[in-house]
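The structure under discussion appears below in the form of structure tokens.
The values are calculated or read from the model by the stated rules, or taken from the named source; none is laboratory data. Here the structure is a predicted model, which means the values were calculated and not measured. Here Cβ is always computed from backbone atoms with ideal geometry, including for glycine, and neighbour counts include all displayed protein chains. Protein only, heavy atoms only, side chains kept; ligands, DNA and RNA dropped before computing areas. Shrake-Rupley method; radii C 1.70, N 1.55, O 1.52, S 1.80 Å.
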Amino acid sequence: MNTNNISFIFFGSSQMSTYILDELEKAGFLPVAIVSTPDKPVGRKQILTPTPVKAWAVERNIKVFDPAKLSDIVEQLRSEKAEVFLTASYGKIIPLEVLSIPPHGTLNVHPSLLPKYRGASPLQSAILDDAKVTGVSIMKIDAQMDHGPVLIQKEIKMEEWPSYGKFEEMMAREGGKMLAAILPQWVAGTIQEKEQDHSLATNSRKFTKEDGEINLNDDPYLNFRKIQAFHEWPQAFFFFEHEQTAGTRKIRVKITAASYKDGKLVIEKVIPEGGKEMSYGDFLRGYTKR
């Protein structure tokens, strides 16, 4: 139940967005509507599946818009008369025509200490760079990517790297709590926004499947960070020459669990191409070259 009187629309798509919505809901904030991306075919059977955010909204009987183009719903968004828009992990660029609708603008939860790690992959980039002093920023969106003024930031120090999914949830929930804390102040006009120091900006890039490949002879700590960073997608993998009766075949082996102990990479679970998840020990026993 929405126990606060702030009217807002939330833009989001991924699981990360649902963690933020959970924290807003705990604090008594529910959106009047949610904007997500269209349903997509998932799995081998290509079953049309809603985004996690759309599923979250449907469970709570919250109105959902999931257009292919935001320009198609501009009038519907205006008709909601929301005071502010909130967004996190939406997956599309929000045009200025939409950003300018609410009187208090559009706020974004970004899981980095802006201006560091602007762009598509701040969490993965932090793990890969071993940037253990990281954090969350609440910013006002402008016309450029992660460029707008910052309302509040919180520094978070990491002792060791969890898998991406756990890291994402931790940072998103922190961002949701921060957003809930400052939202009333922002709408009341009592928070002073601060321009980013653009000279210090760094960018995170969009990763590809090929980025997941690791060489087991490389630095073990770097390989461990790759496995943790790419745990959800594209998943870290290595190639392995498997001897069969018809000859040697190079197979792709995904790493699903690993740890870093005493300066060594310990691979725990893998999925060999065409097979099921198994312990790394069982894989070596069953697939070792002769």
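Could you work out [θ]222 nm for the chain from helices alone, using -39500 (n - 2.57) per DSSP H run of at least four and dividing by all its residues? Round to the nearest 500 deg cm²/dmol.
Roughly -8000 deg cm²/dmol at 222 nm, from the helical runs in the chain.
Under a 1.4 Å probe, what is the accessible area of the chain per residue, stated in Å²?
Roughly 52 Å² per residue, with all protein chains present.
Working from the alpha-carbon coordinates of the chain, get Rg over Rh, Rh being the Kirkwood radius.
1.04
Under 13 Å from the 7 Å Cα→Cβ point of residue 182, by amide nitrogen: which residues of the stretch 73-95?
Zone members listed by number: 87.
Express the carbon and sulfur contribution to the solvent-accessible surface of the chain as a percent, rounded to the nearest whole number, probe 1.4 angstrom.
The computed percentage sits at 50.
What FRET efficiency do you get for residue 156 and residue 206 if R0 is 30 Å and r is their Cβ-Cβ distance, rounded to the nearest 0.05?
Efficiency, from the Cβ-Cβ distance: 0.80.
Given Cα pairs under 8 Å that are at least 6 residues apart, what percent is the relative contact order of the stretch 74-150?
Rounded, it is 29 percent for the stretch 74-150.
Taking the chain as a Gaussian network, where each spring joins two C-alpha atoms under 10 Å apart, which residue of 12, 175, 212 fluctuates the most?
212
Accessible area of residue 205, 1.4 Å probe, to the nearest 10 Å²?
120 Å²
Just need the relative contact order of the chain here, percent rounded to a whole number, with Cα pairs under 8 Å and 6+ apart.
14 percent
Calculate the spin-label point distance for residue 27 paired with residue 4, positioning each point 7 Å from the Cα along the beta-carbon direction, and give it in nanometres.
Reported label-point gap for residue 4 and residue 27 is 0.5 nm.
GNM on the chain, C-alpha springs below 10 Å: top fluctuator among 181, 82, 126?
Answer for the Gaussian network model of the chain: 181.
I'd like the accessible area for residue 18, computed on protein heavy atoms only with a 1.4 Å probe and all protein chains in place. Round to 10 Å², please.
10 Å²
Taking the chain as a Gaussian network, where each spring joins two C-alpha atoms under 10 Å apart, which residue of 45, 166, 140 fluctuates the most?
45
Give me the dipole magnitude in Debye, nearest 20, for the chain about the Cα centre, with unit charges on the beta carbon: positive for Lys and Arg, negative for Asp and Glu.
It works out to roughly 740 debye.
Quick one: ranking 129, 146 by accessible area, 1.4 Å probe, largest first, what do you get?
Per-residue accessible area, sorted high to low, gives 129, 146.
Spin-label point model (7 Å from Cα, Cβ direction): what's the residue 166 to residue 120 distance in nm?
2.7 nm
With all protein chains present and a 1.4 Å probe, how do 270, 64 order by accessible area, largest first?
64, 270
Set the Förster radius R0 to 51 Å, insert the Cβ-Cβ distance between residue 144 and residue 261 as r into 1/(1 + (r/R0)^6), and round the FRET efficiency to 0.05.
So the FRET efficiency works out to roughly 0.75.
Quick one: length gained pulling residue 39 to residue 250 fully straight, 0.36 nm per residue minus the C-alpha distance?
72.4 nm
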